[in-house]
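Here's the structure, in structure tokens; my notes come after.
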Amino acid sequence: MDMQKIGVLGSFAAGIGLALAPLAAADDSTGFDFSAVLASEIQSMNFLFESQAALAGVADKVIDASAGQPFLTIDKDDVNATLGTLLYGLNWENEISSDPGAYSLLNGALTEFVDGNNVLLFAILNGGDQIDFENAADYLFGTDAAIAAGLAGDSAWEDAALFFQAGLADIGGYLAIDL
């Protein structure tokens, strides 16, 4: 092997070493911070909700998020047929909740799917551990009843499946069919 090839290989090895050095030196004892994940998910759902409200012509009725309620909401009386159909589906008048908001997208299915994904992410990052109900607010954002039902499995994988099944049931409600 001539000197040029050795020099090129050495440069690649040094480059890889420099690129991976921060990973080797990273302190992962603090664990993964889910707050940015939750904030991003909520922001995405708020954007979708706000877009649907604008399409329905009721964007001016949307109630802004607050520290206590990070999701955009709308008063039930301000939901017209267009927004109701976009949020809750074909039989929206039967499916509408008392407090419609960004968490109601696809009749609530999107919230269930996101919570299921967060359960899987938590399990992958924590050696397969389950989320404790007491700490669920750090990782999930569904209702207490939905979270309790979703975390009722014997493993994180079963918990995720329960959330996904609930999401599919919500899709069934959205489409006015039994799934």
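The values are calculated or read from the model by the stated rules, or taken from the named source; none is laboratory data. Please read all numbers here as calculations on a predicted model, not as lab measurements. With ideal geometry, Cβ positions are generated from the backbone for all residues, glycine too; neighbour counts draw on all protein chains shown.
Pairs needed: first member in the range 83-96, among the aromatic types (Phe, Trp, Tyr); second member anywhere, surrounded by fewer than 17 Cβ atoms within 10 Å (Cβ to Cβ) and in a helix (DSSP H, G or I); C-beta distance under 9 Å; at least 6 residues apart or different chains.
Close Cβ pairs satisfying both conditions: Tyr88/Asn94; Trp92/Ala81.
Considering only residues of the range 130-161 that are at pLDDT 95 or above, under 16 Å from the mean Cα position of the chain (by Cα) and not in a helix (DSSP H, G or I), which is surrounded by the fewest Cβ atoms within 10 Å (Cβ to Cβ)?
Tyr139
Answer yes if at least one residue in the range 62-82 is touching a strand residue (DSSP E or B) at 6+ places or on another chain (Cβ under 7 Å), within 29 Å of Leu121 (Cβ to Cβ), modelled with pLDDT of 85 or more and of a type in the set (S, T, N, Q), and no otherwise.
yes
Counting only residues that are closer than 20 Å to Ile171 by Cβ and in contact (Cβ under 8 Å) with a residue 60 or more places away in the chain, how many does the range 101-155 have?
Residues flagged as closer than 20 Å to Ile171 by Cβ and in contact (Cβ under 8 Å) with a residue 60 or more places away in the chain within the range 101-155 amount to 11.
Output the residues belonging to the range 78-91 that are crowded, with 21+ Cβ neighbours inside 10 Å and more than 23 Å from the chain's Cα centre (by Cα).
Result: Val79, single match.
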